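Just so it is clear, none of the values below were taken in a lab; they were calculated from the coordinates. Source: prediction; values computed, not measured. Don't worry about glycine lacking a Cβ; one is built from the backbone with ideal geometry, like all the others, and counts go over all protein chains shown.
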Amino acid sequence: AESQYDYEVYHSLEEIQKWMFEMNRTQPDLVALFSIGKSYEGRPLYVLQLGKGNQKKAVWIDCGVHAREWIGPAFCQWFVKEAINSYQYDSAMTKLLNQLSFYIMPVFNVDGYHYSWNTDRFWRKTRSKIRKFHCRGVDANRNWKVKWCDEGASSHPCDDTYCGPFPESEPEVKAVAKFLRKNKKRIKAYISIHAYAQMLLYPYSYKYAMIPNFNCVESAASSAVKALYSAYGVRYRYGPASTTLYVSSGSSIDWAYKNGIPYAFAFELRDTGYFGFLLPESLIKPTCTETTRAVKAIASGLLKKC
Amino acid sequence: FLYNNRYVGDQVLRIIPTNEQEVQALKGILGLMKVDFWQPNSASLIHQNRSVDVHVKNHDIRGMHERLTDEKIQYQVLISNLQKEIEKQTGHRFSRKRR
């Protein structure tokens, strides 16, 4: 049952889906489970809605866009557990769950994640088949309809940063884009969880220009990394993705921002390369604890005026 | 073994090109060998003084070390045996399940 679920180990796709059903069954007041579509290989794309009823403002969090970044899905599960366990005990979290809805997608790239558990631990992309090519998969963070397939993306199907045959070619990307477009008036923050580099990134990725609401976003990022640091003293760099990490086109944060979501962030969680994608399970707890503080800081900022 | 032991002897190297010449030499080396880019995600994103983390298959390890040494490009071994690290990361549960 949910109470025995171990949040400090990595779980297979099947275990995570069972966990989502269990949360839906045992937490009817705070959790609602629904599917926004099917993946390329036909798996459901589940989203958990977390919060007290249908609030007017919402936050979207997706994890597992890149299959090998296992700490992402671990964080999404951890955040849901923390939110439920601290509701009515932690005033900040109670306020957030009473005034905001959180849409949490624990595994965005379900096909790739399943493949990384069963075949290739370092698989990154989706598992779509490109006609005429033996290579499979598209980089789900290069497939969004924003400056698609420009700098920092590849048009070759065998490359890890392959942008796909056309924008939103991936059913997973199309389903999330459709949901975000439909709810863009309510969704005030888009957060995508990746690894590794210990960074908090915001638009733009595809160009060096400054976003119009730079001061508000910069201030939110600054308070988020301070909150993160307060847990265990781990420093995260933060700034526009193009200058802080590298230029990349077709990314989800640029698409979310250009589609009207004023706060769009990508977290690159621990570490900076000592373990890389093989972050040990012993580091799940500190990594998720510090990141929860950062996400709470961002969400709290949405309830204030900037 | 997990993943049919396919990562035995594979290594993850951290390579830091310190000037444009080394960047070009590194792109040349990595263009010849099929490596898995961990950071950044592709050769086109390699910049001087920024670390490059690559997963190298065991049969390419020796050649990679030789080429980097020939080009005097500084590097370090982040993970010396990927299979062992994978077994450590989640293997304990798999072995318990198997038992």
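When you restrict to C-alpha pairs under 8 Å that are six or more residues apart and normalise by the size of region A:208-306, the relative contact order lands at 41 percent. At q = 0.17, 0.21 Å⁻¹, what base-10 log of I(q)/I(0) does the Debye formula yield for chain B when every alpha carbon is treated as an equal point scatterer in vacuo? So the normalised log intensities are -0.73, -1.00. Think of it as helices only: each DSSP H run of n ≥ 4 in chain A is worth -39500 (n - 2.57), and spread over all residues that comes to -11000 deg cm²/dmol at 222 nm. Work out the P(r) tail for region A:26-89: percent of alpha carbon pairs separated by more than 14 Å, whole number. Beyond 14 Å sits 67 percent of the P(r) for region A:26-89.
Translational diffusion of region A:68-216 was estimated from the Stokes-Einstein equation, with Rh taken as the Kirkwood radius over Cα pairs; at 37 °C and 0.692 mPa s the coefficient is 188 µm²/s.
Report, in cubic angstrom per residue, the convex hull volume of the C-alpha atoms of region A:164-306.
Working: hull volume 17.5 nm³, N = 143.
Roughly 122 Å³ of hull volume per residue.
Let me check I've understood the local charge: for A:Glu151, count other residues with C-beta under 13 angstrom from its C-beta, Lys and Arg +1, Asp and Glu -1. What total comes out? Let's see the in-between values first.
Values: positive: A:Arg142, A:Lys147, A:Lys207; negative: A:Asp150, A:Asp254.
Taking every other residue near A:Glu151 into account, the sum is +1.
Which of these, A:Gly273, A:Gly152, A:Gly250, has the largest mean-square fluctuation under a Gaussian network model of chain A (Cα springs below 10 Å)? Comparing A:Gly273, A:Gly152, A:Gly250 in the GNM, the peak value goes to A:Gly273. Cross-link check: pairs A:Lys188/A:Lys296; A:Lys129/B:Lys27; A:Lys125/A:Lys182; A:Lys174/A:Lys207; A:Lys38/A:Lys174; A:Lys81/A:Lys296 evaluated at a Cα-Cα cut-off of 18 Å; pairs beyond the cut-off: A:Lys129/B:Lys27; A:Lys125/A:Lys182; A:Lys174/A:Lys207. The chymotrypsin sites (Phe, Trp or Tyr not before Pro) found in region A:74-120 that occupy coil by DSSP, while having at most 13 further C-beta atoms within 10 Å, are A:Tyr89. Both radii come from the Cα set of the protein assembly as shown: Rg as radius of gyration, Rh as Kirkwood radius; their ratio Rg/Rh reads 0.95.
Mind checking region B:32-76 for trypsin sites (Lys or Arg not before Pro) that DSSP puts in a loop (not H, G, I, E or B) and that have at most 11 other Cβ atoms within 10 Å? Write out the running numbers ahead of the final one.
Values: sites: B:Lys34, B:Arg50, B:Lys57, B:Arg62, B:Arg67, B:Lys72; in loops: B:Lys34, B:Arg50, B:Lys57, B:Lys72.
For trypsin sites (Lys or Arg not before Pro) across region B:32-76 that sit outside H, G, I, E and B with at most 11 neighbouring Cβ atoms in 10 Å, the list reads B:Lys34, B:Lys72.
Each 5 Å bin, from zero up to the one with the longest distance, holds this percent of the alpha carbon pairs of region A:246-297: 4, 16, 19, 17, 18, 16, 8, 1.
Is the C-alpha gyration tensor of region A:1-125 telling us rounded, prolate or oblate? Criteria: a/c under 1.5 is rounded; beyond that, a/b larger than b/c is prolate, otherwise oblate. List each step's numbers first, then the result.
Working: a/c = 2.02, a/b = 1.70, b/c = 1.19.
Note, shape of region A:1-125 comes out prolate.
Annotation for region A:69-131: trypsin sites (Lys or Arg not before Pro) lying in DSSP loop with at most 14 further Cβ atoms inside 10 Å of their Cβ are A:Arg131.
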